Amino acid sequence: MKKIAFVVVGVLALLLFSNVIVLTAGASDDDEKVVIPNEWHGKNKVVIPQGDLVQVVYIKRTDDSAVVTNDPTLVYDGPWTGTEPFPNQHYYNGYDVADWHWVLSKSQNPRGVKYVINPSTAIIKYRLTPPAVVNAIQNGFQAWNGVGPKPTRSSVLYTYDGVSFTARHSDRIDNKNVVSWASIRDSNGNPDPNVVAVSYMWYRTSDHGLLDCDTVFNTFVTWGINSGGSTFDIQDIGTHEFGHWTGLNDIYDSQYTPMTMYGYASHGEVYKRTLEQGDIHGVEVAYGMPLT
Ligand SMILES: [Zn+2]
């Protein structure tokens, strides 16, 4: 009898505990859910070949020790025209080109890529207005527009395709590029607040052309727009994630901390909003091949 009572109390405690987790995290049942399998623990990039296709998952994690407070000599606000001196050649080489890129016909130059935003959780949970969320994400994409190799200076032209309150990240190819929020958990259902965002992308092996990209922001961390210390800046993290869409890998060497494509994120940072030489040069290299 005692044993049964103990079990009942245990189950009640467990239920209460899980309710507390759900309440404090504020994640409702309506939230989109994303599971990061336990075997991916500690990984920042997972590559899953599936026949003629490859799925790649980037998992962005927090590291508040990697904070850049001031990097004026590194700020670089536009495409390299080939004439500006580099304050530090070293930073020009801070990039890692991925194995895929957008491939469209010459008539689609620049390569137009549409994206849809589902801001519903950000509006409800972080009390942000839809235009503010949309604007922050648009700015993140805009950072990559027009960046590309000489002489065409063409890589990708990201085009806003509207808000959808039903659009969600898909594990399969649905030909819809979606930016949304979801509760990111491990295989046991536990929240993972060390994960900031996850980007899912699919490309075909024949020409390494991208087919589908989705980015999910984790609702177990707090989001804002340049709102300081305890929040993640939507535009800052978005700009980084859309660098993956554009064809760049993370870089983790701490000497490249100021780069947009530096793999860790810290609370309150906004410096990833601005591309550095290495980010720009990486796109120039990635799209340096002739258009097909
Ligand atoms: Zn990343």
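The values are calculated or read from the model by the stated rules, or taken from the named source; none is laboratory data. Please read all numbers here as calculations on a predicted model, not as lab measurements. Cβ coordinates were reconstructed from backbone atoms using ideal geometry, including for glycine residues, and neighbour counts include every protein chain displayed.
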(message) Condition first: more than 16 Å from the ligand (Cβ to nearest atom), part of a strand (DSSP E or B) and surrounded by 23 or more Cβ atoms within 10 Å (Cβ to Cβ). Now tell me which residues in region 203-223 satisfy that.
(response) TYR203, TRP223
(message) Checking GLU276 against (1) farther than 28 Å from PRO131 by Cβ; (2) within 14 Å of the ligand (Cβ to nearest atom); (3) not hydrophobic (A, V, I, L, M, F, W, C): exactly one of these is not met. Which one?
(response) (2)
(request) Could you check how many residues of region 247-266 are away from the ligand (no atom under 11 Å from the Cβ) and small (Gly, Ala, Ser)? (result) 3
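Results for (1) away from the ligand (no atom under 13 Å from the Cβ); (2) outside any strand (DSSP E or B); (3) at pLDDT 90 or above, shown as yes or no for each residue.
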| site | (1), (2), (3) |
| --- | --- |
| GLY162 | yes, no, yes |
| GLY228 | yes, yes, no |
| GLN235 | yes, yes, yes |
| TRP245 | no, yes, yes |
(request) Scan region 263-274 for residues that are in a loop (DSSP other than H, G, I, E, B) and either within 13 Å of ILE251 (Cβ to Cβ) or touching a Leu at 6+ places or on another chain (Cβ under 6 Å) (or both) and jot them down. (result) GLY263
